[in-house]
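Accompanying notes for the structure given below.
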Amino acid sequence: MNHTKLSELQSLIKRVSEKSGFYQGKFQKEGILPEDIKTQEDFQKIPFTTKEELRQAYPLGLQAVCDEKVVRVHSSSGTTGIPVIIPYTAQDILDWAKMMKRCYSFAGVTSKDRVQITPGYGLWTAGIGFQAGAEAIGAMALPMGPGNTEKQIQMMVDLKTTVLTATSSYALLLAEEVNRRGIRDQISLHIGIFGSERWGEKMRSRISSELGIEIFDIYGLTEVYGPGISIDCQYHNGLHYWDDYLYFEIINPETGENLPEGEYGELVITTLYKEAAPLIRFRTRDLTRLLPGQCPCGSPFPRHDIIRGRSDDMVKVKGVNIFPAQIDEFLKEVKGASSEYQMIIDHENGRDTVKLRVESDPGTERAYLEASLSKRFKTRIGIQVEVEMVEIGGLPRSEKKTMRILDKRVSAL
Ligand code: ZN
C-alpha cells in the first residue's frame, strides 16, 4: 500500500468515527481510535463489516450524513426477509455514474451507441446504474427494465440497439429468441455487458456467437454503490476495478487473514469516498483473487479475476481451500473428462481423504485418465486425491453445483 492510499484510509476512519453512528458503536466496542491506525497492518486489524450487521442496521442505521444530504435510497434483496437499505448523497450518485461511465468506455461504448437496459429498476441498483452510466457517456439509453421479450426484440430491431445490458440468463433467452425468429440480420448489436451471475464459458460463447457480440463482464453490489465497480477490458483477462474510489483486499474466509496477490479468497471492500453509507472492510462473500502485473491494455487500474463463487460454498481439506468453480475450471482443461463430477471428502484414520469421481467421455482410457487427473490435481489444487472415472450418466445430476461436494466429515464430528 502506498502512502496516499494509507492517508486516504486514515481520513476515512476519522470521518466515520465522527459522523457514522454505525461505526462509532462498532469502534467503541472494539476499542478502535482513529489515531491508532498508523500502518497498513493497523488497518488490517479493524474488524470486518458483515452483511448481517448491515441488516441489523435496518432501516437507516448506516446513514452517516444528515437527512438533508440524502437524495435516494436503494435496497438489496435479502433472502432472510430483512433487506439492507443503502442511502446515497448527490455526490455518491455522481461518483457511481462516473464509475459506470468508465465501465462503458472500457467496453468500447461511445456517444454513438444505443444501450438497451434490461435489468430491473426500482429499489434495485442495476437498471438505474446502467442508465446513469449510459447517459454520462452520452449514449442513448433505452430504459426497458426486465421481461416482455416481445417488446425487447421490437425495440432492439426498430431502434437499432447496439449495446445490450442484461443478466447472462436473460441475454441467453434473448439470443435464443433472435435465433428462433431468424432475425439476426435485423439486429445491430455489437456489445453485451452482462453481470452478476456465475456463468460458464459455454454459455458465454453461445450468446456471443448467436448475437454476434463481444461480451464484457461487469461486477458490483448494492452495498458498494451498485453495478459498475469493475469490468473487463478488450483483453478479457480479469476485471479492472476503480482503486481511486475503492480499496480491495482478499482474505482467507476462514481465518480473516489477508492473502497476497494471486491467491484466491474472499473479496473485502472499503469505500474511500462514499458519504451516505461508507463501508469499512465489507465482506462481500464473493471469491476471487487480485491479479498481479499490468494489463496489456495499459490501464493503470488494477485487476481482479472473475468471481469464482461464494465463500459459503468453500470447503477446507488438509489446510487447502477448495471451491466448486476451481474444480470446474480444472476439469475443463483435461481432455476426456466431462464437466460432471462428485467430490467426496471424508475423515479416515485421523486424516482427511478426498475422492474425486468424474464422468469420462466414451472411448477414453480410464486408468490413464485417473492417474493423470490425480497428478494434475496435486499440482494445481495442492492436495492428493483418489480419482475414479465413471461412465457418462454415472453420477447423480443436481441443479445446485454446490451439491457436487459431499463433505462427510461434518456428520462424523
Ligand atoms: Zn485491460
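The values are calculated or read from the model by the stated rules, or taken from the named source; none is laboratory data. All of these numbers come straight from a predicted model, not from anything done at the bench. Here the Cβ is made from the backbone with ideal geometry for all residues, glycine too, and neighbour counts use every protein chain on show.
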Next on the checklist: Condition first: over 22 Å from the mean Cα position of the chain (by Cα) and either part of a loop (DSSP other than H, G, I, E, B) or under 30 Å from Met156 (Cβ atoms) (or both). Now tell me which residues in the range 67-80 satisfy that.
Outcome noted: Arg72
Item to check | Within the range 208-272, strands (runs of 3 or more DSSP E) holding 2 or more residues that are closer than 14 Å to Phe194 by Cα | outcome: 214-221, 226-232
Next on the checklist: So for the range 192-205 (the condition being in contact (Cβ under 8 Å) with a residue 24 or more places away in the chain and within 16 Å of the ligand (Cβ to nearest atom)), does at least one residue qualify?
Outcome noted: yes
Checklist entry - What are the pairs, 6+ residues apart or on separate chains, where a residue within the range 293-305 that is closer than 9 Å to Cys233 by Cβ has its Cβ under 6 Å from a residue that is among the small types (Gly, Ala, Ser) and more than 7 Å from the ligand (Cβ to nearest atom)? => result Arg303/Gly238
Checklist entry - Given the structure, is Leu94 outside any helix (DSSP H, G or I) and over 27 Å from Thr255 (Cβ atoms)? => result no
Checklist entry - Any chance the range 107-126 includes a residue that's within 23 Å of Pro278 (Cα to Cα), assigned by TED's automatic domain parsing to the domain that holds Asp158 and of a type in the set (Gly, Ala, Ser)? => result yes
Next on the checklist: Out of Tyr235, Tyr241, Tyr264, I need the residue that is touching a helix residue (DSSP H, G or I) at 6+ places or on another chain (Cβ under 8 Å), touching a residue at least 60 places away in the same chain (Cβ under 8 Å) and among the hydroxyl-bearing types (Ser, Thr, Tyr). Which one?
Outcome noted: Tyr264
Next on the checklist: Given the criteria of a type in the set (Lys, Arg) and either surrounded by fewer than 13 Cβ atoms within 10 Å (Cβ to Cβ) or in contact (Cβ under 8 Å) with a residue 40 or more places away in the chain (or both), does Lys14 qualify?
Outcome noted: no
Checklist entry - Just a yes or no: is a residue in the range 172-186 within 21 Å of the chain's Cα centre (by Cα) and surrounded by fewer than 20 Cβ atoms within 10 Å (Cβ to Cβ)? => result yes
Checklist entry - Restricting to the range 229-247, what's the tally of residues that are within 16 Å of the ligand (Cβ to nearest atom) and of a type in the set (Phe, Trp, Tyr)? => result 3
Next on the checklist: I'd like to know if the range 103-113 contains one or more residues that are within 16 Å of the ligand (Cβ to nearest atom), outside any helix (DSSP H, G or I) and in contact with a helix residue (DSSP H, G or I) (Cβ under 9 Å, 6 or more places away or on another chain).
Outcome noted: yes
Checklist entry - Looking at (1) among the polar types (S, T, N, Q); (2) more than 16 Å from the ligand (Cβ to nearest atom); (3) closer than 30 Å to Thr162 by Cβ, can you tell me which one Thr50 breaks? => result (3)
Checklist entry - Which ones in the range 328-349 are aliphatic (A, V, I, L, M), out of contact with any Asp or Glu (no Cβ under 7 Å at 6 or more places or on another chain) and crowded, with 17+ Cβ neighbours inside 10 Å? => result Leu331, Ala337, Met343, Ile344
Checklist entry - Looking at Ile306, is it within 14 Å of the ligand (Cβ to nearest atom), assigned to a loop (DSSP other than H, G, I, E, B) and in contact with a Lys or Arg (Cβ under 9 Å, 6 or more places away or on another chain)? => result yes
Item to check | Selection count, the range 119-171, where residues are small (Gly, Ala, Ser) and in a loop (DSSP other than H, G, I, E, B) | outcome: 6
Next on the checklist: Can you pull out every residue in the range 313-326 that is touching a residue at least 24 places away in the same chain (Cβ under 8 Å) and not in a strand (DSSP E or B)?
Outcome noted: Asp313, Met314, Lys318, Phe323, Pro324, Ala325, Gln326
